[in-house]
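Below is one structure, written out as structure tokens, with a few remarks after it.
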Amino acid sequence: MKEILNTQRLILREINLDDAPFIFELLNSKGWLEFIGDRGVNSIEDAKNYITNHYLKSYKEHGYGSYLLKRKSDGAILGMSGLFNRPQLEDIDIGFALLPEHSGKGYAFEAASAILDYAIEVLEIERVTAITTFENKNSQKLLEKIGLHFEKPILFNTEELMLYSN
């Protein structure tokens, strides 16, 4: 398990196949389904396939991806945050998601801030973007708090989303 970042309260590490039960839980949580969308992960086996085809593939092809958020104090897995190279977007974008019971405690801010710094300072990515729905006010606030600014509405697949950038 490759550790990528270490913050005050969190360890951010690469996701691996052993994380399938957590990925299954996160991708089927209320917030994920409401604001990100159903990814068709209906079993642990689906979660393993999702990890292989998305996270492991991204690490191999791009050298970055989505990272698991592990709380230092007790080892609890809280969520994920990372960088995505989506074919529908011109730039690399940042994303984050937490299990509902860990939301509102500053973990997403702590992780996303570290990821943004990592993107700019270590990976030397000049322009980092983020997308969110118009309804996801918490995500919008967090993006602004880490220093991104609303740029314009965009059509992403068939959905109109808000594009933020640094």
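The values are calculated or read from the model by the stated rules, or taken from the named source; none is laboratory data. Remember, predicted model here, so these are calculated numbers, not experimental data. Ideal geometry is used to build each Cβ from the backbone, glycine not excepted, and the neighbour counts take in all protein chains shown.
Here are the numbers for this structure:
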quantity: Verdict on residue 135 being free of Cβ contacts under 8 Å to residues at least 24 places away in the same chain and either of a type outside the set (Asp, Glu) or out of contact with any helix residue (DSSP H, G or I) (no Cβ under 6 Å at 6 or more places or on another chain) (or both); calculated: no
quantity: Hits in region 129-158 - residues which are closer than 25 Å to residue 71 by Cβ and of a type in the set (Val, Ile, Thr); calculated: 132, 146
quantity: Single residue of 92, 131 found to be closer than 17 Å to residue 32 by Cα and of a type in the set (Val, Ile, Thr); calculated: 131
quantity: Any hit, region 61-74, residues being buried (at least 16 other Cβ atoms within 10 Å of the Cβ) and either of a type in the set (Asp, Glu) or not in a strand (DSSP E or B) (or both); calculated: yes
quantity: The one condition in (1) in contact with a Phe, Trp or Tyr (Cβ under 6 Å, 6 or more places away or on another chain); (2) closer than 27 Å to residue 24 by Cβ that residue 150 fails to fulfil; calculated: (2)
quantity: In region 86-99, residue surrounded by the most Cβ atoms within 10 Å (Cβ to Cβ) [restricted to those that are outside any strand (DSSP E or B) and modelled with pLDDT of 95 or more]; calculated: 99
quantity: Complete set of residues in region 28-77 that are among the hydroxyl-bearing types (Ser, Thr, Tyr) and in contact (Cβ under 8 Å) with a residue 24 or more places away in the chain; calculated: 29, 50, 52, 55, 58, 59, 64, 66, 67, 73
quantity: Residue, farthest from residue 109 (Cα to Cα), within region 1-47, restricted to residues that are among the aliphatic types (A, V, I, L, M) and surrounded by fewer than 15 Cβ atoms within 10 Å (Cβ to Cβ); calculated: 44
quantity: Residue 80 vs. criteria under 15 Å from residue 35 (Cβ atoms), part of a strand (DSSP E or B) and in contact (Cβ under 8 Å) with a residue 40 or more places away in the chain; calculated: yes
